[in-house]
Every structure is written in structure tokens, then in C-alpha cells.
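The values are calculated or read from the model by the stated rules, or taken from the named source; none is laboratory data. Worth saying up front: this structure is predicted, and the values here are computed from it rather than measured. When we count neighbours, we look across all protein chains shown, and the Cβ atoms used for this are built from the backbone with ideal geometry, even at glycine. These accessible areas exclude ligands, DNA and RNA; they are computed on the full protein's heavy atoms, side chains included. Shrake-Rupley method; radii C 1.70, N 1.55, O 1.52, S 1.80 Å.
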Amino acid sequence: MRKALRWLLALTVLIGTVSTAGAATAAEPGATATKATTDIKDQLLAIPGMSLIEEKPYTGYRFFVLDYTQPIDHHHPSKGTFQQRITVLHKDVSRPTVFYTGGYNVSTTPSRREPTQIVDGNQVSMEYRFFTPSRPAPADWSKLDIWQAASDQHRIFKALKKIYTRNWISTGGSKGGMTATYYERFYPRDMDGVVAYVAPNDVVNNEDSAYDRFFTKVGTKECRDRLNAVQREALVRREPLEKKYAAYAAENGYTFTTIGSLDRAYEAVVLDYVWGFWQYSLLSDCATIPADAKTATDDAIWTSVDTISGFSFYTDQGLEPYTPYYYQAGTQLGAPTIHFPYIEKQYVRYGYQAPRNFVPRDIPMKFQPYAMRDVDSWVRDHAHHMLFVYGQNDPWGAERFRVGKGAKDSYVFTAPGLNHGANVAGLVADQKALATARILQWAGVPASSTDRAKPLAAFDRKLDVRDVEREPTLRP
């Protein structure tokens, strides 16, 4: 395998150098190849439907927060519009562009995703439809689906491609990685490459045994035993800890209308505990878990669960920002169900609850089982210039995308020991070099002349350091 990777990498670097010999190199920030006299802000605001919210300074870039007018329904554009928030981290129109979405809200603080650093390019970031403030009013929730969201990206790309004419790569992490994949499925001619990080792929919603197998092998037995014991103990001590929860909720003004009761919310938080640890923590963090749950104090159990799962999450106030996500999980994306064989049945009242329980009842939901099957089949048979990166210890990687014989120049790599924050930098050396070289070639810029392709832009502590992609654990 190592020899094959090295051979392919050498070929990649050679092809990339030859095919991109004429590509422009980085120019001074704000310069343009064809419109040197037109300021980039004026070019952006000349796009019909584009308006400026604010511009924020950052050394070496221009950073714009913008609104873009989108149809509520791309099938029927005449039936109303809404304002979708996007950001543009502008370096130079002579550079490639990375199209990023996290699948949730967009950050209005300048940041740079890993592919943007690798190609030393521009970055366009999109807020996913129905996450506020990018929500139509009134909200017709039937218009929140993966095709409508992909069509949002397609219109943004078409509008900005006239300015940023070089190669484009789409990317995203977790739900954002799913979003980048769905965009490629519906509009395969837009992007020159796709880098999807830790993207779940729940093809058959009612078959989740892969997750149960994952939790019997992840990490070490000692760590698994510690986590399982704390989770069980939190349910054994439900009565005193729920009193603490009620006081906590009253103090903060939290309510439980959507999920139905404090008791349901309490169990949901506790059942997230093991999943949440592996999603966001490393094996080395096991040292922070109480070693003997049975002798730990109530406060120690509470603090451990709250630190990892967050007792505020299943309140109405915690769930509300994620309503669009849970709506999609319950209508198209699917959501995992896992079991707890180490906890006696009398302590588990509800089990993993369905997405329907986390969405207000006045929003209708109906699951579409064909949506994920269609995407999975397309990726296996038609993936082209696609890279999927997973973390070895991330639960979401238990059900992942795979590429088949029909795929071309596409890869699925796993970063050893990493969680939901897995990235190209965390891959083993040969895979890291290969992935970097492929990203560079897809972006249309020359790879390193050495035997190890490297990112073109230097690491920037403010732009490039960020937390693991945080989002709810999908519990159905």
C-alpha cells in the first residue's frame, strides 16, 4: 500500500506541475488579474441580489459579510425570496476558491479552512438555509431539503464564478461534509474537487448496528469501562441528579416543551455521554473521567456528564437553534440509534429518541428513505475528484461514504487516533502527502517540487485554529 501511494503521489506531483505551469501565483491582496482598477467590494456588490452587511479587516485579506437573495423554492423561483448570509475571505482573483459550509450557521469572524490554507486561496462560506437569520418568513419547512440547499450553493457559485474564475473546491466538516457531498451529487460540473471531512452516511436509517460495533472496540477497554460506568451511574442516580437539574433549569429559565419533560431531557443528555466523549475528546482525555463511578460524588457525576453532553442542550432554548438540523435528520438525513447492553433495562426509559422529539410539533415531518440511498449510490459509482477524511475514534465514521469501481481519482482516508476534528494534517505521512497533492492539482496550482506536497500558505494561528466541528449527536 505504501509503495502504491508513493508511486501515485510522484505521478500526481508531476502531472500537477506540468498541467499548472502557467497558473498565476499569489499576488498582493486586493489585486486582480483582469479588473485591476475595480475594487473587489464593488465587484461583489455589482452582483444582482448581493448586499453588504459589513467588511472586517484582516491582514493579507479582505473579509466581507454579505446577504444574497435566494428563491425560497428553486423549483418555483417566482414564489418568494429570502436573504441568505454568506462570507467572502478574499485574497486575490488569480487564486483558486474554496466553497465552505458547516451545514449550520456561518461564522462572521474571519477563518480559513484547511483546503483554503493548502491552496492559498479565497474562501466563500455559506450559511445553510433555515438557520437564522437565513430563514424565509414565513418558514415553509417543506423547502428545507438537500436539493434546495445544493441549489443555493449552485446559484452562489454561478454568481461568484464571474469574479473568481480559477478552480473551485468545495469542503465542509460533518454536516458540512455531507452538504459538500450532496452539492456534488446534484451539481457535479460546478466544482473541480471536493474535500469532505467526517461526513456521516446513514444509508438505511433503521439499521445502525455499525455504531454498536464501534462502541465495543473504540479506544481501550479501560476507557470504555470508565465511560460506561459513569453513564450507568447517572441513570441509577436519576432522582437526586434530576433535582439538581430542576434547580439548574429554574435558575437559568430553561423549559422542556419540545422534548416533553425534564425527565426525557435528562435521559437524552446522559445517553449522549459516551458518544459525545468520543466525538469531541481524545483517548488521552480518559484521565478526566471518574475512575470509580460507584464511589464518585453526585457532583462529580453531574460535572462529567455536563462537561461532555451539556445539560442545557435538550431544553427548548438549547434545541431551538438546531431545529433545521433535526428537521432534516427526521426527513432525509437519518439519525443513529444505539443500544446500551451494559445498562439494565429498568434504568433506560426512552432510549435514543427520534428527531421528531426535538422539533416543535407544529412543524410536519415525513421521512424520505430514498434520499440517502440515492446519494450513496451516486458517490460509489460516480465520485470524481472527491476526498473523504474520517477520524479513527469518531463515532460518525462508523457509517461513512465509500467509493466503488465507478469512482475516479477519489479517496477515503482515516486519521489514526483522531475524533470529529480529523483532517488531512492528521493522516499518516503517505496519505497526507497524497491528499495534499490531489487538493493542489484539483485547485489548479502546482504542487511542491519535493517528494512531499505541502500547503502553500503558512499556518496562521488566528485563521487556522478552531474547535472540533461541534454539533448535536444525532440521536433519534
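Considering only protein heavy atoms and a 1.4 Å probe, what is the carbon-and-sulfur percentage of the accessible area of the range 66-148? Percent of accessible area from carbon and sulfur atoms in the range 66-148: 49. Simple spin-label estimate for His154 and Ser377 gives 1.9 nm between the two label positions (7 Å along the Cα-to-Cβ direction from each Cα).
Sort the range 182-223 into rounded, prolate or oblate with this rule: let a ≥ b ≥ c be the square roots of the eigenvalues of the Cα gyration tensor; rounded if a/c is under 1.5, and if a/c is not under 1.5, prolate when a/b is larger than b/c, oblate otherwise.
Values: a/c = 7.32, a/b = 2.13, b/c = 3.44.
Oblate shape, in that a/c is at least 1.5 and b/c is the bigger or equal ratio.
When only alpha carbons are used to place a centre, the range 82-141 and the range 221-235 end up 39 Å from one another. The listed peptides 185-198, 227-240, ordered by packing as a protection proxy, come out as 185-198, 227-240 (highest mean of other Cβ atoms within 10 Å first).
Percent of Cα pairs in the range 211-329 per distance bin of 10 Å, from zero to the largest separation: 13, 44, 32, 12, 0. Residues Leu144, Leu52 ordered from highest to lowest accessible area at a 1.4 Å probe: Leu52, Leu144.
Per residue, the convex hull around the alpha carbon atoms of the range 271-358 comes to 126 Å³. Taking amide hydrogens as placed 1.01 Å from N in the peptide plane, the amide H of Ala415 sits under 5 Å from those of Tyr390, Gly391, Gln392, each at least 5 positions away in sequence or on another chain. Charge tally around Lys161: other residues with Cβ under 13 Å, Lys/Arg +1 each, Asp/Glu -1 each, net +3. Ellipsoid fit via the Cα gyration tensor, the range 104-156: semi-axes of 26, 13, 8 Å, each the root of five times an eigenvalue, largest first.
With every protein chain in place and a 1.4 angstrom probe, the accessible-area ranking of Thr315, Thr216, largest first, reads Thr216, Thr315.
When Rg is the radius of gyration of the Cα atoms in the range 234-290 and Rh is its Kirkwood radius, what does Rg/Rh come to?
On the way: Rg = 13.4 Å, Rh = 12.9 Å.
Taking Rg over the Kirkwood Rh, I get 1.04.
Each principal axis of the range 105-255 carries a Cα extent, and these read 62, 41, 34 Å when sorted largest first.
Each residue of the chain gets 151 Å³ once the volume of the Cα convex hull is shared out per residue. If R0 is taken as 41 Å, the Cβ-Cβ distance between Asp316 and Lys162 corresponds to a FRET efficiency of 0.40. Summarising the label geometry, the points placed 7 Å from Cα in the beta-carbon direction at Asp292 and Thr69 lie 6.9 nm from one another.
Each stretch of four or more DSSP H residues adds -39500 (n - 2.57); spread over every residue of the chain, this sum gives -10500 deg cm²/dmol at 222 nm.
Once backbone amide H atoms are built at 1.01 Å from N, Arg400 has Asn201 as its partners under 5 Å, excluding neighbours fewer than 5 places away on the same chain. Using a Debye calculation, one point per C-alpha and no hydration shell, please list log10 I(q)/I(0) for the range 348-438 at q = 0.13, 0.21, 0.22, 0.24 Å⁻¹ in order. Results for the range 348-438 at q = 0.13, 0.21, 0.22, 0.24 Å⁻¹ read -0.63, -1.04, -1.08, -1.16. Simple point charges give the picture: +1 on the Cβ of Lys and Arg, -1 on the Cβ of Asp and Glu, and for the range 349-454 a dipole about the Cα centre of about 200 debye. Summarising the amide proton neighbourhood of Val93: residues at separation of 5 or more, or on other chains, whose placed amide H is nearer than 5 Å comprise Ala33. Each label was represented as a point 7 Å from its Cα along the Cα-to-Cβ direction; for Tyr248 and Ala137 these points are 3.4 nm apart. Here Ala46 and Ser78 are evaluated by their C-beta separation; at R0 = 22 Å the FRET efficiency comes out at 0.40. The residues of the range 235-308 expose on average 44 square angstrom of accessible surface per residue, using a 1.4 Å probe on protein heavy atoms.
Tell me, in nm to one decimal, what length is gained between Thr255 and Asp39 on full extension, where the rule is 0.36 nm per residue of separation less the Cα-Cα distance? Provide the component values of the computation, followed by the final result.
Working: separation 216, 0.36 × 216 = 77.76 nm, distance 4.95 nm.
Stretched fully, the Thr255-Asp39 segment lengthens by 72.8 nm.
Going by Cα centres, the range 260-285 and the range 348-400 are how many Å apart? After rounding, the separation between the Cα centres reads 19 Å.
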